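For reference, the structure is listed below as structure tokens.
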Amino acid sequence: MLRWLWRAWKGNRWQATLNATIGLLDVVVSLASVWAVQRAIDVASGNIVGNVYLAVAVMAALIACEFTLGISHVWIKNILGVRAQNRMQQQMLDRLLRSEWKGREARHSGDVINRLEHDVQTVVNFLTETLPNTLSTLAMFGGAFFYLFSMDVWLACITVAMLPLFILISRVYVARMRQYSRRVRNTDSRIQSILQETVQHSMLIKTLEAEPRMVDRLGSTQSELRQHVRQRTLFSVASNLFLNAGFSISYLVAFLWSAIRLSHHTISFGQMTAFLQLVYRIQGPARSLTKLAPAFVGVFTAAERLMELEDDPEEQQGKSVELQSPCGVRFTDVTYYYNGSTEAVINNLTFDFRPATATAILGETGVGKTTIIRMMLALIRPQQGRVEVYNSSESHEVGPLLRTNFVYVPQGNTLLSGTIRENLLLGAPDATDDELWAALETACAHFVAELPEKLDTACTEAGGGLSEGQAQRIAIARALLRNRAVMLFDEATSALDPDTERQLLKNILSNHHKTIIFITHRPAVVDYCDQVLKL
């Protein structure tokens, strides 16, 4: 975990260094202010010779420096802090997208988003704020202690006498608080998952008249969260009460000691004021150091949850290997089991999706049709056998670097929020408007030309604002723009009427340089294919 945090800190060194520098300057200004106040009081009371106006002017200058440093800290936190958080979210998302796909997601998307938002923020704040502030806190503690030690040895020793006890208690505190914080963060993730699913499937919930059950489910999980927060708060309050009682007793002892010395005329009133300010500046950092315990608990919990997102190994990285079209895909004695299953979903499959042919994959739900597509795309790997993509001159076993030879249209609505143009450009970022319109024409998406905003028509989440058939045709146009040797369609025409489907199939199959594979239940699709694979 410390190695992981060290790597995360490397990307935030600039902000951490600035915060540490400002913190150390604040320590210098703060200790100088103690000297300035003591001197001003002693000048005013006649204990030392000096100009009272000049002494107050020095105090004012130091106060102005404190204001300036405070503003600088806020500016760095708000500007560079957001940038650091955004950068880490990008890095974590990039790592997630480069991970191997396991076929069945182990974590709810709401939980993943919760980690990318709240846990990333916790880690970034710790690395860029808490750690640099700890450096200045230690500097303040050491500077104030030695300043006080130079004035009164016994008072300095009394002030720090209780610190070893506080450190021992903090070790116990960290262990217990880490358990409580983990429970709180996990329950918070579950709440976000429930909220996300409920909003995403609101139409289904309405038609099932399940609104009360979903609200009750949310309420039950929220009640569990409140219970965990209550336990954590009670423990934290009890711990802080004990620590604050110790600090208060220490401050009263210091006050009594200073008052006795003042009554015996062994120190001046200015020196007594300096004593109390220095005791406060020793206790203030000591209090801050005790607050490091919950900060460490929080960052360890957050780091654990983010490290779990990196548990899946990365896919093979490198330059894509694109074969010259036309290409085929060959399965040889392929067997595949999903994790946790004892029964093979694909068993000893041998089949050749020959170059420049159209193949229909048929079979009942659950027999492995989509699994075959996933193996072609190297999203999953067979436990036995070999899947390879080939042309007349070369052959390669499928893998992430061979994925560039495929274009895939999944079943269902796969449009993202944004405009139709933005969705199409995912297939070919450099495509011109003429190319976009040509792809829409081939995909029988003529309706786009009749929309008020045409290509710039906005779609909400999952293609909201368009019918299922319209969304499917835009997804097919996006695939055509990608223009790869092997085209995979998973029930991609299921929402189309028969006439539109027939015209679309004619348009797609008119290019005899592509290898086209359909997963379908539609007889019209089978009629246009060269071969059929029935599972």
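The values are calculated or read from the model by the stated rules, or taken from the named source; none is laboratory data. Since the structure is predicted, the reported quantities are computational estimates derived from the model, not experimental observations. Using ideal geometry, Cβ is built from the backbone for each residue, glycine included, and neighbour counts are taken over all protein chains shown. Remember, those area values only see protein heavy atoms, side chains included, never the ligands or the DNA or RNA. Shrake-Rupley method; radii C 1.70, N 1.55, O 1.52, S 1.80 Å.
Among the conditions (1) within 31 Å of the chain's Cα centre (by Cα); (2) surrounded by fewer than 19 Cβ atoms within 10 Å (Cβ to Cβ); (3) at pLDDT 85 or above, the only one that residue 474 does not satisfy is (2). Looking only at segment 517-535, which residues are over 21 Å from residue 497 (Cβ atoms) and of a type in the set (A, V, I, L, M)? Of everything in segment 517-535, those that are over 21 Å from residue 497 (Cβ atoms) and of a type in the set (A, V, I, L, M) turn out to be 517, 532, 533, 535. Restricting attention to segment 381-408, the residues that are in contact with a helix residue (DSSP H, G or I) (Cβ under 8 Å, 6 or more places away or on another chain) and buried (at least 19 other Cβ atoms within 10 Å of the Cβ) add up to 7. Candidates 293, 302: the one that is modelled with pLDDT of 80 or more, of a type in the set (A, V, I, L, M) and under 28 Å from residue 188 (Cβ atoms) is 302.
For residue 89, the conditions (1) of a type outside the set (A, V, I, L, M, F, W, C); (2) open to solvent by 40 Å² or more (accessible area, probe 1.4 Å); (3) at pLDDT 80 or above; (4) under 30 Å from residue 371 (Cα atoms) are fulfilled apart from (4).
Going by what's in this entry, would residue 359 be described as crowded, with 18+ Cβ neighbours inside 10 Å and either charged (D, E, K, R) or at pLDDT 75 or above (or both)? Spelling it out, residue 359 is indeed crowded, with 18+ Cβ neighbours inside 10 Å and either charged (D, E, K, R) or at pLDDT 75 or above (or both). Within segment 30-55, if we keep just the residues that are among the β-branched types (Val, Ile, Thr) and open to solvent by less than 60 Å² (accessible area, probe 1.4 Å), the residue that is modelled with the lowest pLDDT turns out to be 34.
Here is a yes/no grid of residues against (1) at pLDDT 80 or above; (2) open to solvent by 80 Å² or more (accessible area, probe 1.4 Å); (3) more than 10 Å from the chain's Cα centre (by Cα):
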position	(1), (2), (3)
57	yes, no, yes
84	yes, no, yes
97	no, yes, yes
103	no, no, yes
107	no, no, yes
113	yes, no, no
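Can you pull out every residue in segment 117-154 that is farther than 30 Å from residue 32 by Cβ and crowded, with 19+ Cβ neighbours inside 10 Å? Across segment 117-154, the qualifying residues are 119, 120, 122, 123, 124. Remark: residue 351 falls outside the filter, which requires a residue to be in a strand (DSSP E or B), at pLDDT 90 or above and open to solvent by less than 20 Å² (accessible area, probe 1.4 Å). Pairs are defined by a Cβ separation below 9 Å, a sequence spacing of at least 6 or placement on different chains, a first member in segment 425-454 that is farther than 18 Å from residue 465 by Cβ and open to solvent by 20 Å² or more (accessible area, probe 1.4 Å), and a second member that is among the polar types (S, T, N, Q) and in a helix (DSSP H, G or I); the pairs so defined are 441/507; 442/507. Looking for something open to solvent by 40 Å² or more (accessible area, probe 1.4 Å), in contact (Cβ under 8 Å) with a residue 60 or more places away in the chain, among the charged types (D, E, K, R) and on the phi < 0 side of the Ramachandran plot - is there at least one such residue anywhere in segment 493-508? Checked against the condition, which is being open to solvent by 40 Å² or more (accessible area, probe 1.4 Å), in contact (Cβ under 8 Å) with a residue 60 or more places away in the chain, among the charged types (D, E, K, R) and on the phi < 0 side of the Ramachandran plot, segment 493-508 yields no hits at all.
Cβ-Cβ contacts under 8 Å between residues 6 or more apart (or on different chains), taken from a first residue in segment 216-228 that is at pLDDT below 90 to a second residue that is exposed (fewer than 15 other Cβ atoms within 10 Å of the Cβ), are listed as 218/195.
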